[in-house]
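The numbers here are math on the coordinates, done by the rules we state, and not lab data. A quick note: this is a predicted structure, and the numbers were derived from the prediction, not measured. Here the Cβ positions follow ideal geometry from the backbone for every residue, glycine too, while neighbour counts run over all protein chains shown.
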């Protein structure tokens, strides 16, 4: 069964095209969302990749990241009648398995949604990120919007109140990068269409890309299929860091010893000595 790779890209067309070339396979379909404010000319994109028509100017930590993904998923579901999963990648990811090995690994995981996820809250074992949705954040809304959020948050704190997720949803969070089945994606898109209040709420959440999909999937019938693992090798330089470490040749042994399907974060310059070793690993 075909797999669909959705790649979010905003810079370095050569690195993007190198990733597309690595994944080029008759059983893989590759889609690319180009950040509308990014530096990549659509004409530069590898011809093996299909491009998302409804592009979004993506801003870190804002709902634009989720909106770009939703737009992409809508197009994929409309254009591809049958597939196993959508694997959501960054253009700074790199595959660690050969294409035949990746196909075999995904076939063995067909019964699962691959979603790094944890309950959000203050209990042991939970992620203490509840502040992200309990107050208002609108960094994309300009100075007036940020001021309105600040005033609303100040009033809520004075009254000892906080926001709750709509519809009694239990909050979940985790990595932005996942692999979801076609049925799960279709049900998620239908819920977004049917319940517009979800999007309205998450527009004022901080870093909603690390909550939106986890919360919707874990509050659906697909929660029983979730394997809380996205098979990505990622290094964080320190707890609470905003961005993962850019991997280099010194990380190779740990990458090779991992059970990951992809690693990130790769930079064409900083990771130049690592890339040949990763290519050899895929042979």
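Couple of notes before you dig in:
- Counted by neighbouring Cβ atoms within 10 Å, the residues 133, 172, 31 run from fewest to most as 31, 133, 172.
- Ranked by the mean number of other Cβ atoms within 10 Å of their residues, highest first, the peptides 74-84, 46-56 come out as 46-56, 74-84.
- Pairwise inverse Cα distances across segment 1-122, averaged and inverted, put the Kirkwood hydrodynamic radius at 15.3 Å.
- Mean residue ellipticity, 222 nm, helices only, the chain: the sum of -39500 (n - 2.57) across DSSP H runs of n ≥ 4, divided by residue count and rounded to 500, is -10000 deg cm²/dmol.
- With the Kirkwood sum run over all distinct C-alpha pairs, segment 79-169 has a hydrodynamic radius of 17.8 Å.
- Most fluctuating residue given options 60, 177, 236, as computed from a GNM of the chain linking Cα atoms under 10 Å: 236
- q = 0.16, 0.25 Å⁻¹: log10 I(q)/I(0) that the Debye formula gives for segment 231-282, counting C-alpha atoms only: -0.43, -1.01
- Helix 182-194 and the longest principal axis of the Cα set of the chain meet at an angle near 30°.
- Once the Kirkwood radius over Cα pairs is known for segment 126-282, the Stokes-Einstein relation at 37 °C and 0.692 mPa s delivers a diffusion coefficient of 179 µm²/s.
- Size descriptors for segment 121-202: radius of gyration and Dmax over Cα atoms are 15.4, 45 Å.
- Exposure proxy shown here: for 156, 211, the number of other Cβ atoms within 10 Å sets the order, fewest to most, as 156, 211.
- Among 155, 36, 111, residue whose mean-square fluctuation peaks in a GNM of the chain (springs only between Cα atoms under 10 Å): 155
- Convex hull of segment 14-79 built on C-alpha atoms - directionally averaged projected area, nm²: 4.8
- If you wrap the tightest convex hull around every Cα atom of segment 186-226 and split its volume per residue, you get 65 Å³.
- Computed from the C-beta positions of residue 110 and residue 277, the FRET efficiency with R₀ = 35 Å rounds to 0.70.
- Diffusion coefficient of segment 74-122 by Stokes-Einstein, Kirkwood radius over Cα pairs, 10 °C, 1.306 mPa s: 117 µm²/s.
- Percent of beta bridges antiparallel (DSSP, the chain, rounded to nearest 5): 30
- More than 23 Å apart - percent of Cα-Cα pairs taken over segment 51-204: 49
- At q = 0.14 Å⁻¹ the log10 of I(q)/I(0) for the chain amounts to -1.08, computed by Debye summation with a single uniform scatterer per C-alpha, solvent ignored.
- Descending semi-axes in Å of segment 94-141, equivalent ellipsoid built from Cα gyration tensor: 35, 17, 9
- Order of 199, 4, 226 - criterion: other Cβ atoms within 10 Å of each residue's Cβ, fewest first: 199, 226, 4
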